[in-house]
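The structure under discussion appears below in the form of structure tokens.
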Amino acid sequence: MADIVKANPRAVLGLATGSTPLELYGFLADWNGKGEISFAQTTTFNLDEYMGIPVSDRNSYRSFMNENFFRKIDIDISRTHVLNGNAADVEAECAAYEKAIRDAGGIDVQLLGLGADAHIGFNEPGSSFESRTRRKELLAQTINDNARFFGNDKSKVPTSALTMGIASIMDARSIVLLAFGQHKAKAVFDMVKGPVTRDVPASILQRHPNARIYLDEAAASML
Ligand code: GLP
């Protein structure tokens with residue numbers, strides 16, 4: 001990702017939340033601090049946002065990104081885009097997001113984590129490969145997995161979200177997926193070795209011309 005920004009300071013980055021990319025954001029911020037890389041002219045689009053919690057909530061993905069990345073780098077905050085999970089008109093919000101990505105020239109590199117159920121963004125199993133940015137209901141496993149950010153209280157985890165669709169993600173010119181830990185091993189196996197199926201949203205990446213997958217040994221243990 002750093003190479004892409006160095007080669008093109010105006011690059012458009014697709015960003016992800018969750019615990020997985022935190023170390024990567026740390027490295028990028030570090031290099032930015034040392035003057036090795038600048039984000040001053042980059043534009044970013046995040047994958048997804050919860051519905052029904054205020055932007056100011058520390059668990060909103062906007063807060064997460066500000067806290068863990070944007071405030072640590074020289075980015076122009078007006079060039080950072082996160083879906084508004086409280087939009088009065090959800091369809092208009094999602095259509096405007098797709099248009100903003102197109103107007104920016106498309107995403108040069110899309111960063112992805114991997115859900116334990118093989119979701120990407122919040123595209124849960126069953127999501128259409130043709131899907132665009134839209135509202136999705138979260139499945140029980142995702143709500144359980146994300147409860148750790150909400151004091152382990154499942155009832156506090158939002159049950160729906162706005163997310164870029166599978167087709168929106170596949171439009172990115174390159175993709176970098178990270179997955180770490182034993183709890184991702186089955187999803188990694190299904191994504192890499194299984195059939196391309198809606199039941200395993202990340203399996204569609206087998207058809208992307210420029211997708212790279214980075215794993216630790218535990219996440220790769222079933223391959
Ligand atoms: C969340 C996010 C995904 C993320 C995934 C994995 O639900 N919507 O974008 O990749 O779950 O999260 P983690 O990296 O914390 O394991």
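Looking at Asn146, Asn123, which is the one that is of a type outside the set (Asp, Glu) and more than 16 Å from Thr197 (Cα to Cα)?
Asn146
Is it fair to say Phe45 is surrounded by 20 or more Cβ atoms within 10 Å (Cβ to Cβ) and within 22 Å of Ala172 (Cα to Cα)?
yes
One residue is enough: does segment 87-107 have a residue meeting the conditions within 16 Å of the ligand (Cβ to nearest atom), in contact (Cβ under 8 Å) with a residue 24 or more places away in the chain and acidic (Asp, Glu)?
no
Listed residues Ala118, Ala87; which is crowded, with 20+ Cβ neighbours inside 10 Å and not in a helix (DSSP H, G or I)?
Going through Ala118, Ala87 in turn, the sole match is Ala118.
On the given criteria, is Ala211 surrounded by 21 or more Cβ atoms within 10 Å (Cβ to Cβ) and of a type in the set (A, V, I, L, M, F, W, C)?
no
Can you pull out every residue in segment 121-145 that is basic (Lys, Arg), touching a helix residue (DSSP H, G or I) at 6+ places or on another chain (Cβ under 6 Å) and not in a loop (DSSP other than H, G, I, E, B)?
Arg134, Arg135 - these are the residues of segment 121-145 that are basic (Lys, Arg), touching a helix residue (DSSP H, G or I) at 6+ places or on another chain (Cβ under 6 Å) and not in a loop (DSSP other than H, G, I, E, B).
Just one of Asp76, Asp108 is at pLDDT 95 or above and exposed (fewer than 15 other Cβ atoms within 10 Å of the Cβ); which is it?
Asp76
Hey, could you check segment 1-41 for residues that are within 12 Å of Asp108 (Cα to Cα) and in a loop (DSSP other than H, G, I, E, B) and say which is nearest to the ligand (Cβ to nearest atom)?
Among those that are within 12 Å of Asp108 (Cα to Cα) and in a loop (DSSP other than H, G, I, E, B), it is Met1.
What tally of residues in segment 143-158 results from selecting those that are free of Cβ contacts under 8 Å to residues at least 40 places away in the same chain and either closer than 17 Å to Ile53 by Cα or surrounded by fewer than 11 Cβ atoms within 10 Å (Cβ to Cβ) (or both)?
Of the residues in segment 143-158, 11 are free of Cβ contacts under 8 Å to residues at least 40 places away in the same chain and either closer than 17 Å to Ile53 by Cα or surrounded by fewer than 11 Cβ atoms within 10 Å (Cβ to Cβ) (or both).
How many residues are away from the ligand (no atom under 14 Å from the Cβ), within 16 Å of Met222 (Cα to Cα) and charged (D, E, K, R) when one looks only at segment 181-205?
Total satisfying the criteria: 2.
Hey, among Ile175, Ile169, which residue is in a helix (DSSP H, G or I) and either modelled with pLDDT of 95 or more or within 14 Å of the ligand (Cβ to nearest atom) (or both)?
Going through Ile175, Ile169 in turn, the sole match is Ile169.
Determine whether segment 97-104 contains at least one residue that is over 24 Å from Ala11 (Cα atoms), at pLDDT 95 or above and assigned to a loop (DSSP other than H, G, I, E, B).
No, that holds for no residue.
The values are calculated or read from the model by the stated rules, or taken from the named source; none is laboratory data. A quick note: this is a predicted structure, and the numbers were derived from the prediction, not measured. FYI the Cβ positions are ideal-geometry reconstructions off the backbone, even for glycines, and counts take in every protein chain you see.
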